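Structure first, then comments.
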Amino acid sequence: MSKFPLLFSCIAVVFSSCGSTVATKEESIPKEFVDAYSLTIADENNINYSGYLNYDNYSNQAGVNGAMYSGYNAGSFLATVLAHAMVSKSVDAKKKRKFKAESDEFLSVYESSINTVTSGFLTANFIESLEGENSSVPVSVVPSMEAHQIGKGHILSQPSFVVTQDVTTIIISNRVALFNHGELGVLKAAGERKKRKGSSSSRTPKPVYSNTMVIINNLATEGDVVGDNAVRVGNDNLGALSSELFDQSLRLMLTNMDAQDDVDGKAETIKFHIGSNFRVERGVVLEKTCDRVVFKTLRGWIKSVPQESQCSEQAQL
Amino acid sequence: MKRVLSLFLVLTLPLFVGCAVTPQYNVSFDEQVWENKEQKVGVYVSAIPKIRSQVPGAGCLLCLATASAIHAPIAKHIKTQSTEDLQSVKAELIAKLRDKGMDLVVIEDEIDLRKIKNNKVKGENVAKKDYSAFGTKYGIDRLFVLDITYVGSVRNFANYIPVGDPFVSISGTMYLVNTTTNTYEMYEAINIQKFAEGKWKEAPNYPGLTNAFYTAIELAKDDILDLTVGY
């Protein structure tokens, strides 16, 4: 158990270093990464859940509108302009915090279920799912970096979940970083440094690949209509849904990380629904199925979004 | 003294006349209009304007220069985006109207809508311009006009200080005029404003605002098609 604080520190350093919102690929992924990985989740106990921020009816027109500027001299004029800017920014930030807090309120009902979704729960379910089938992803995964001797790469994952206000949709956003096992020593050293809060002489670990995987799972959408009898996220299925999305997000990473260099094609507009909310995003399409589109977003993230299902039509053909 | 007062009145009166113009309120479309298959309907879609930027609220010259400089990187980026998807609405609209069995006359001539002569008749839902000449020229009973007047980025300012986040705006009007009576049978203002969802300070490519731009285009297209042929 004493390893956990060290592990935490280690992971915090890694994600602070790859905190950029843009996907990175430092070098081409070595061939030996195709087989086996070890896996660590950054948040050891508390996986983050938040309410979906629906910007449809949100106006960011905060700030302070009018202001009288003192014009005795250039100094006082500048001071009043700066004061106006500071007050305006503060009001704006306060409004955004309030908006976020209000969006999270409804999740208190699901607190007990949220507490059961731990890193151990997600990792165990993922490994079980890989072992329990002839997976299209030819990998094996072990739960901790301590087992690195049998793996050929180490995945650090930081999943977080968003639930829509009508609880018909759950979204995973999983920040992932893949390290060469040669970097594990650096990872640990970085963790120790962080723990000591002292020297900063050594280098920070460098991921071979880092990106964010986003999967939107609409439970209830049939066309554009979310009916009263629709399936919803609840205390009974929150854990299973989260686990399934975590599983899918890692598969998304493992199947798409090699393709990163080849997707600088023409961006197109992709339309989809999050619950009953219509959404549009620009991206380069990587894969289309009868009910999903996987694309590379303008931020470089890999995103899988639902489409109106045409699976039955395709089956008939 | 009387002369001064008269001169003052003469000079200030036009200012108050400007405020007295009644705005045209929305007129909901009566779908029965499309049931008449005998009529000929002219369709005119004005050219989509170039992408621009605005900084309303910057009320002095120095304020305007400062606001424009602050907003410049966003304005420059948004101007590199494509309005191709918005231009396609014309073809979609025409196709959907034809699907409804309408006999259309698509007007491809360049028309300056602001220069059409004013209508002398005033009244509720009476068009301010005189469209009767279109009826004669193109042999149409009704004229549908889609006029997008603004596409671009906007950031509100209070003098030198930005008020809120930048957003993308698409505005314009669309209306259906009976060319015989010169009355509006539909009049709808298009006014789409879309903010970036979450972060927007992501120079130089501003993915959040770029997505907002294309979302605004899709919302405008949906509005146009829903309000006219979405029945």
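The values are calculated or read from the model by the stated rules, or taken from the named source; none is laboratory data. Computed from a prediction, not measured in an experiment: that's the story for all the values here. All Cβ positions, even for glycine, are placed from backbone atoms using ideal geometry, and neighbour counts span all protein chains on display. Side chains are part of the model used for accessible areas, which takes the heavy atoms of the whole protein and leaves out ligands, DNA and RNA. Shrake-Rupley method; radii C 1.70, N 1.55, O 1.52, S 1.80 Å.
Of all residues in segment A:104-124, at least one satisfies being over 21 Å from A:GLY239 (Cβ atoms), exposed (fewer than 12 other Cβ atoms within 10 Å of the Cβ) and either under 28 Å from the mean Cα position of the chain (by Cα) or modelled with pLDDT under 80 (or both). Applying the criterion of being assigned to a loop (DSSP other than H, G, I, E, B) and facing chain B (nearest Cβ under 10 Å) to the residues of segment A:265-316, the residue that is surrounded by the fewest Cβ atoms within 10 Å (Cβ to Cβ) is A:ALA267.
Looking at (1) within 18 Å of the chain's Cα centre (by Cα); (2) away from chain A (no Cβ under 14 Å); (3) open to solvent by less than 30 Å² (accessible area, probe 1.4 Å), which is the only condition B:GLU110 fails? Condition not satisfied by B:GLU110: (3).
Of all residue pairs spaced 6 or more apart or on separate chains, those with beta-carbon atoms under 8 Å, a first member in segment A:43-56 that is modelled with pLDDT under 90 and a second member that is of a type in the set (Val, Ile, Thr) and open to solvent by less than 30 Å² (accessible area, probe 1.4 Å) are A:ASN54/A:THR164. On the stretch given as segment B:190-225, residues that are basic (Lys, Arg), free of Cβ contacts under 8 Å to residues at least 60 places away in the same chain and either under 16 Å from A:LEU298 (Cα atoms) or surrounded by fewer than 21 Cβ atoms within 10 Å (Cβ to Cβ) (or both) total 2.
Collect the residues in segment A:57-84 that are at pLDDT 75 or above and either facing chain B (nearest Cβ under 7 Å) or open to solvent by 60 Å² or more (accessible area, probe 1.4 Å) (or both), keeping them in residue-number order.
Within segment A:57-84, the first condition is being at pLDDT 75 or above, and the residues that meet it are A:73-84.
Within segment A:57-84, A:ASN73, A:ALA74, A:PHE77, A:LEU78, A:VAL81, A:LEU82, A:HIS84 qualify.
For B:THR181, indicate whether it is more than 8 Å from chain A (Cβ to nearest Cβ), β-branched (Val, Ile, Thr) and over 16 Å from B:LEU146 (Cα atoms). Taking the combined requirement at face value, the residue satisfies it. The residues in segment A:85-122 that are more than 21 Å from A:THR164 (Cβ to Cβ) and within 14 Å of chain B (Cβ to nearest Cβ) can be counted, and the count is 11.
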